[in-house]
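Chemist: Can you read through this structure? Questions will come right after.
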Amino acid sequence: MTYLRPLAVTLLLLGACSQADTSTQATAPATSDVAQAESPSSEQTESAMLNAWFERRFEENVMESPEYLARLGRKDRNDEWNDETKAAWLDRMDRVRSDLEFLTQEVDVDALDEDTALSHRLYVRNAETTLEGMRWYDYNYSFNQMYGTHSGIPTFLLNQHKIENEADARAYVTRLKTIPAKMDPVIERSKTSFDKGIAPPKFVYAHLLRDIDNITSGAPFEPDAELNLMLENFRAKVELLDLSDETRETLFADAIQAMDEQVGPAYARLNAELRRQQASASADDGVWKLPDGADYYAYRLNLMTTTDLSADEIHDIGLREVDRIHAEMREIMKTVKFDGDLQAFFAFMRTDPQFYYPNTEAGKADYLAEATAIIDVMKGRLDDVFLRKPKSALEVRAVEAFREQSAGKAFYNAPASDGSRPGYYYANLYDMAQMPKYQMEALAYHEGIPGHHMQIAIAQELEGVPLFRKYGRYTPYSEGWGLYSEFLPKEMGFYEDPYSDFGRLAMELWRACRLVVDTGLHHKQWTREEAIDYLKENTPNPEGDITKAIERYIVMPGQATAYMIGKIKILELREHAKTELGDAFDIREFHDVIIASGPVPLSIMEERVNAYITATR
């Protein structure tokens with residue numbers, strides 16, 4: 001999964017990327033009769049106009065975000081950060097309001113072709129959702145163990161800021177110097193939220209302070225230590241350039257000065273504010289504790305599932321799914337002739353050394369190599385179930401050391417649109433006891449192929465689709481597809497080892513339990529410890545894995561519900577299509593219907609499948 005900050009979300013939802021001209025006029029032929037015969041229809045004219053508008057607005061939004069430009073592989077505004085001030089955010093909301101007014105009052109929807117009408121619906125929906133979210137501006141925990149400016153800065157510099165020439169190097173130094181301009185408004189927002197009674201629970205602060213210590217460790221902050229991670233990254237990139245020794249030394253000296261005079265003090269201010277908050281932070285975990293917390297959680301569930309399911313309905317779905325998966329696990333216990341109950345089997349899977357690589361550099365290298373091999377084998381079978389494949393490459397990587405203690409178990413970063421950077425499947429190898437071998441297949445399928453990489457890379461490569469749709473994200477669509485992609489290989493003959501098949505079920509069980517614990521924490525007022533105990537009793541996952549997951553769900557309310565809700569909908573639609581089409585059903589065509597639109601809400605996905613059924617008949 002990819003974590004996105006508010007501006008990035010706005011960009012992904014509300015734009016497209018080229019300087020397309022809005023004119024739809026054609027050169028007039030010699031006679032009026034020919035002109036009438038060859039002039040574009042009103043549908044073509046209105047659609048062309050709107051698609052050009054989509055492209056122009058995306059470009060305008062992208063140009064507003066230097067960081068998103070870098071993620072797209074572009075170097076415009078390469079020495080700047082996103083503007084994190086509230087004034088800038090309010091300006092963006094004004095433009096969203098203006099966009100919505102234009103789309104609902106000035107566009108003739110009846111004159112649009114089918115695909116442009118879909119784009120119009122999505123853009124309007126996204127704008128309405130964005131404006132609805134204005135009420136909750138202060139509710140996003142600005143700093144938490146999963147994401148935030150504190151960790152986003154080094155992650156961006158290490159992974160997104162390319163240094164291919166001297167100008168790029170100087171831009172890196174400028175970004176170091178201007179870290180305070182990026183950090184300070186977010187510190188102020190965090191302070192304002194905290195003073196309104198909106199803050200993460202007390203346990204989060206220890207994670208944050210540890211991560212800040214990691215980020216600000218090393219030289220020049222600790223003179224006799226190894227270089228700080230940002231400084232070492234800068235040095236390594238500059239060493240690859242064809243520069244004079246004098247230029248290198250100047251660049252490096254400027255970077256050191258920026259670290260001393262700007263970077264260190266900015267993180268010191270953040271450290272002081274977080275310690276202030278920590279001293280009086282609440283130990284309550286769910287968002288029910290916040291002002292209007294019930295309304296906020298309802299908003300989050302709607303946003304994360306794109307459905308109107310209530311917290312109680314989602315909780316009950318989770319309980320039913322847990323019972324179903326437990327029953328399937330008991331069948332695997334019979335297959336491997338395990339003598340004991342399900343809890344005993346869970347304990348066996350948690351502790352038996354055969355299921356884990358050693359927690360050594362060699363063990364971590366073996367994990368990465370095996371994960372890569374699993375994906376390579378799946379690549380050779382894609383034609384069996386898909387009509388299209390991604391052009392972008394995929395690379396398996398370990399999570400960087402500075403954030404591995406706080407980061408999730410695994411996640412995916414999309415490739416650059418220009419092909420200059422592959423997609424990355426990140427595996428967190430900090431503690432190999434949290435990364436069992438029996439889950440490797442399902443995890444690689446989910447994050448890599450046929451999961452997130454296939455879905456997201458293909459979306460970015462679609463032709464004739466506005467870029468806001470290529471780069472958009474709907475969590476139940478993307479994560480539902482990820483979970484479906486764990487199940488699909490089972491039907492293709494993978495998971496031959498029953499323990500690996502158990503790993504698939506364990507990961508599906510994990511997502512079912514998420515429905516229970518997320519709603520438990522934020523709606524039923526469970527404590528962190530109650531949620532941890534539920535996962536201990538109902539899943540085979542290691543305790544460290546469980547604790548980290550519950551802490552993630554606490555700071556990202558509702559997000560964990562998207563996976564199973566999305567997967568259930570995809571399977572429901574597939575079974576519906578099979579029933580309606582019989583022998584005419586083609587799994588490759590069904591998958592193309594799901595993927596070829598780019599990301600969409602679940603309701604629109606259902607409409608598209610029903611249209612496919614009608615057309616196939």
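Chemist: Over the range 149-282, what number does the Rg to Rh ratio reach, with both radii from the alpha-carbon atoms and Rh per Kirkwood?
Modeler: Ratio value, two decimals: 1.04.
Chemist: Hey, another quick one. If you filter the range 391-441 for trypsin sites (Lys or Arg not before Pro), then keep DSSP loop positions with at most 14 other Cβ within 10 Å, what is left?
Modeler: For trypsin sites (Lys or Arg not before Pro) across the range 391-441 that sit outside H, G, I, E and B with at most 14 neighbouring Cβ atoms in 10 Å, the list reads Lys391.
Chemist: Here is a follow-up. Using a simple spin-label model with points 7 Å from Cα along the Cα→Cβ vector, what separation in nm is obtained for Asp260 and Arg135?
Modeler: So the label points at Asp260 and Arg135 sit 5.2 nm apart.
Chemist: Counting other beta carbons within 10 Å of each residue's own, what order do Thr616, Thr475, Thr306 fall into, fewest first?
Modeler: Thr616, Thr475, Thr306
Chemist: Also, quick follow-up: Within the set Lys334/Lys567; Lys409/Lys470; Lys409/Lys437; Lys86/Lys196, which residue pairs have Cα atoms separated by over 19 Å?
Modeler: Lys334/Lys567; Lys409/Lys470
Chemist: Is it possible to state the helix-based mean residue ellipticity at 222 nm for the chain, with each DSSP H run of 4+ residues giving -39500 (n - 2.57), the sum divided by total residues, to the nearest 500 deg cm²/dmol? What is it?
Modeler: So the helix-based figure for the chain works out to -19500 deg cm²/dmol.
Chemist: Continuing with this model, one more query. Using label points projected 7 Å from each Cα along Cα→Cβ, tell me how many nm separate Glu463 and Asn159, to one decimal.
Modeler: 3.1
Chemist: Apply the Karplus parameterisation 6.51 cos²θ - 1.76 cosθ + 1.60, with θ equal to phi minus 60°, to every residue of the range 261-274 and state each ³J(HN,Hα) to the nearest whole Hz, in sequence, with x for glycine and proline.
Modeler: Calculated HN-Hα couplings, in order: 8, 10, 5, x, x, 4, 5, 5, 5, 5, 4, 5, 5, 5 Hz.
Chemist: Here's another thing I want to ask about it. Which distance in nm do the two modelled labels at Ser603 and Asp242 give, with both placed 7 Å along the Cα-to-Cβ direction?
Modeler: It is 5.8 nm.
Every number in this text was worked out from the coordinates using simple rules, so none of it is lab data. The structure displayed is predicted, hence computed values, not measured ones. Cβ sites come from the backbone with ideal geometry, for glycine too, and all protein chains shown count toward neighbours.
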